[in-house]
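Readers should treat all values here as calculations from the given coordinates under stated rules, not as data from a laboratory. Every value quoted in this text rests on a predicted model; they were computed, and no experiment measured them. Glycine gets a Cβ as well: all are built from the backbone with ideal geometry, and neighbour counts include every protein chain shown.
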Amino acid sequence: MLNFAMSYLRTDSPPAPAAPLPPPGPGAAFPVPDTIGVLVTDAARLLRRRFDARARRVGVSRAQWQVLIALARAQGINQAALAERLEVETITVGRMVDRLADAGLVERRADPADRRAWQLFLTPHAATMLADLAPVAAELRAEMLDGFDTEEQAMLHALLVKLRANLVREG
């Protein structure tokens with residue numbers, strides 16, 4: 001399986017032939033093959049959906065956990081940079097941060113380099129909430145990787161890191 005994935009992603013060899021497509025379902029205009037892009041998009045959507053349902057049990061919405069995780073990765077980021085990372089408008093991030101600040105999860109501090117900007121930081125309460133989400137994420141990760149041996153997990157991780165790096169590059 002991994003050899004197939006590696007050969008499919010290599011640029012020096014043509015992709016393996018796609019599996020035959022199932023007949024289109026009712027109302028389908030044409031069949032859409034399971035390309036890497038389609039599969040990655042579907043997997044990400046399904047993963048988000050499952051995580052959302054479980055995170056709600058901890059008391060966190062999708063918007064909240066996305067902001068909290070982004071801030072955990074980049075403490076001190078300003079709202080404009082956070083909006084860019086989350087691919088939403090700055091005003092939307094402003095409202096999200098307002099609600100998180102009101103809930104005691106995010107703290108705004110004046111940016112010493114720009115008097116007009118605020119740096120964003122997680123509070124200890126947010127750290128506790130992220131700690132509550134860690135077992136949720138671990139459980140879901142185990143479900144997602146069920147049936148993958150350690151070598152396959154490492155290979156998948158390496159391939160996704162490489163894929164992301166390719167997409168981050170300008171071009």
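A few points about this structure:
- Projecting the Cα positions of Leu167, Pro112, Met155 onto the charge dipole of segment 81-171 (unit charges on Cβ atoms of Lys, Arg, Asp and Glu, taken about the Cα centre) puts Pro112 furthest along the positive direction.
- Shape category assigned to segment 57-171 from the gyration tensor of Cα positions, a/c cut at 1.5: oblate
- Relative contact order %, segment 53-171, counting alpha carbon pairs below 8 Å whose residues are six or more apart: 22 percent
- Separation of the Ile69 and Asp42 label points, Cα + 7 Å toward Cβ, nm: 2.1 nm
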